[in-house]
Every structure is written in C-alpha cells, then in structure tokens.
Amino acid sequence: MLTAIKVRLYPSDEQQVALSKSFGCARWYWNYALNTCIQHYENTGKALPIKNYKGLLPQLKVEYPWLKSDCYSAVLQCVAINLNKAYANFFEGRAKFPRFKSKNHRQSIQYPQNVTIVENCLNIPKIGEVKAVFHRVIEGKIKTVTISKTPTDKYYASILVENDGENIQTSGDKTIGIDLGIKDFAIIHDGEQVTKYSNPKLLLRHERNLARKQKKLARKVKGSKSRNKFRKLVAKVHERVSNSRQDFLHKLSRKLVNESQIIVVENLNVKGMVRNRKLSKSISDVGWGMFVNFIDYKLKAKDGQLVEIGRFFPSSKTCSCCGHIVDELPLDIREWHCPACKNHHDRDTNASKNIRAEGIRILSMGGGNPVLAESRRRKTNKPQGGKAVVNETGSPHLLRQQKCG
C-alpha cells in the first residue's frame, strides 16, 4: 500500500539557493523538452517518443555544465517521465495540453531514490540534511520524495512510502447518504436522523481583504520589487483560504468515515455547474470534488465503500415516502408538499434520504458500485475487466418513465 506524507521543510539560506538551482534546472529542461516535442510535431505530425528527448540529456549536460553541477541527475530523468505522463493524459482526454513552467509560480522537483531520514532532517542529494517537521512516524520503504516551494516561499516534502497496508480499525458501520449543497455544505441521513453541516464560505470571509490587496498589486510596476512583495501578500490570502478549506474538509470527511462503512453521494457534474455565472464562485469555493476524494481514499484505508449514484437521479424531486416525482422543482423552492401522499418535505433532507435509499438499492442488486467504477476508469484509463453498466431496474425514475411512455 502506498501512502503519501507531507512534511514542512526549513532549509537554510545556502540550501534555499541550492534548491532554487535545482528548481531552475528542472524547469529549464521541462520547457526545453516540451518545446522540442512541439517543434517535432509541427515538422513531422508525430509525437516525439520519451527516449528521444530523454537521450538529449548527456549532450545538454556537456553544452550546459550547470545541469550537471547544480541538479541531481535522477531529478532530470523524472522531468522527462512526468512530461511523458502529461502528454499521455492529454491524448487520453484526462488533462489539458502541457504548459511551459514559470519561475513565478509553484516549483517542484522529484527524487526517485537516495533520500533518507536522519533524525529530524531529510537528507537530500546535493542539498544536504534539511530540517523537517515530522507530524507522524514514517514507516516503510521510501519510494519517491517530491520537494515543492509555494508562491509564499514555504517548502514542503511529499514522501511516498510503501508499507504493509494495515487497515485503520474503526467502529463505525453505518450506511449514510450525503446531499451536497451551497447553503448547507452537507446534509447527512444515516437511516435514523438527519444532520446538517453549514457551508463555512471561506472565500467570502476573505473577499474584501483579497480585493484590497489585489487592487494594490495591480497598481505596481511590473518587474519591480514592490510588485513581487504584494504578489506574495496576495498569495498568502489564497493560501489561507485553501488551508482553511482543506482543514474543514479533512475533519468532516474523517468524522463521517469513522462513523460509517458505506457512504452514498451524487456524481455531480461540477465542471458543468460552474458555468452558471451566478453560482460559479460559490460552487468553486465549496470544494465538493475534493470532499468526495477525501472520503474515497479514507474509506479505502478501512475497507469501506463509496457509492456514487447517477447525476440524473431526481433526488430532490422524488418523495422519500411514496416515490412520487414532481415535474418541476426550481432551486428557490426549499420546501414542498407531495401531491400524492400530502407529506411536507425539506428539499435537502428529502434528497439525502433518496440518495441513501438509491445507494442501498444499487448495492443490493449485487452490482457493487458501477457508477464510481466507471468514473474512476475514465480518469485512469486502466483495464478493469468487463465494463460496468448501471442497472436502473427498480429505480423510481425509470418506473415513472415507463408509465409516462
């Protein structure tokens, strides 16, 4: 089992200079190799194999001696491998076309070997022993270490460790349904009661401060020291928002995973939803996709299961008591009466009940988790055996369609 542990680094002034040189060498080689690939494609109409631009390294080290003296050789090899992965992700539709790297944004280098832990330090080739803060004991074989520098000049190391894969033992065995929203971030139904977690609206809290500093940044002359200073101030606000969001999502996902064994959520089309001009900022700030990813990997650590139901399932419009589906239910209507059974429903509470019931129905049919399996297959494009198909037999949405037809 592979586990990534992120630790904070505190390099000395000399080590910061050495890291900056390594960042610069890796960034230069990435841009050189990417430019070579683009020119080769324009001239021949074919992609350049990795062995070609990887084979240019010995010649480049002779032509540019600083590539050999300032950077560890394995780091440049990883740059070529990562560029090849970026091209593969682009051609398979999982990512956009690779872009040239800039020295003004996040920097990172990857060490595939020879990085060791010495007491409270991380021993890095050609950098030395860098002081680190380990918040947990690192057990297992170190596979790779990725050193990164944020726009706010903070250094981190992401240590990928291979261990025996002992599962986390927790007592929770519930099956819960989660309806994600904007006003209330998550509405949880566990079969007995409904719990609501409000949306912290982190970006809204810092919006005035961010706007004020961005306005000052826009007035500075490009290339000046003053502009670089205010660029870091703006980056600090963004970092504070990002850290607060991740802290909230980590704590909530951990609480839910510890209390449950199966979690059912909707497979939301976030990319399409952010096209709504009125809600795009709120949807981007709330972090639904990140929250589902956190739940997914934490459930895997305890042999739990995440079920994602189809995005077109009418969870809000379906009565959780009798199964009646209303024709229309605009977003501004938060409560409604069922015309069939006369029950009064809160929109979000009703949706969480239907999501949980639909997840249990899918699992009871023996199909496992077809929606999640298919979505993960599109992201990884790895062979997973036979294609999983969502079986809608028994779904109230399908039954209504059959009656109407």
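The values are calculated or read from the model by the stated rules, or taken from the named source; none is laboratory data. Given the structure is predicted, the values throughout are model-derived calculations rather than measurements. Glycine also receives a Cβ, built like all others from the backbone with ideal geometry; neighbour counts cover every protein chain displayed.
Data overview
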{"item": "So LYS255, is it modelled with pLDDT under 90, in the same structural domain as ILE178 (by TED's automatic domain parsing) and of a type outside the set (Gly, Ala, Ser)", "result": "no"}
{"item": "Residue pairs meeting the criteria (Cβ under 9 Å; at least 6 apart or on separate chains; first without any contact (Cβ under 8 Å) to a residue 60 or more places away in the chain, in the range 95-121; second in a loop (DSSP other than H, G, I, E, B) and among the basic types (Lys, Arg))", "result": "none"}
{"item": "The range 32-55 residues that are free of Cβ contacts under 8 Å to residues at least 40 places away in the same chain and closer than 21 Å to GLN77 by Cβ, paired with ones that are of a type in the set (Gly, Ala, Ser) and exposed (fewer than 12 other Cβ atoms within 10 Å of the Cβ) (beta carbon under 7 Å, 6 or more apart)", "result": "none"}
{"item": "Residue within the range 287-299 that is crowded, with 17+ Cβ neighbours inside 10 Å, among the basic types (Lys, Arg) and touching a residue at least 40 places away in the same chain (Cβ under 8 Å) present", "result": "yes"}
{"item": "Strands (runs of 3 or more DSSP E) wholly inside the range 59-160 containing at least 3 residues that are over 22 Å from PRO49 (Cβ atoms), in the same structural domain as LYS6 (by TED's automatic domain parsing) and in contact with a helix residue (DSSP H, G or I) (Cβ under 7 Å, 6 or more places away or on another chain)", "result": "107-111"}
{"item": "Of all residues in the range 203-233 being within 17 Å of ASP285 (Cα to Cα) and surrounded by 12 or more Cβ atoms within 10 Å (Cβ to Cβ), the one that is farthest from the chain's Cα centre (by Cα)", "result": "ASN209"}
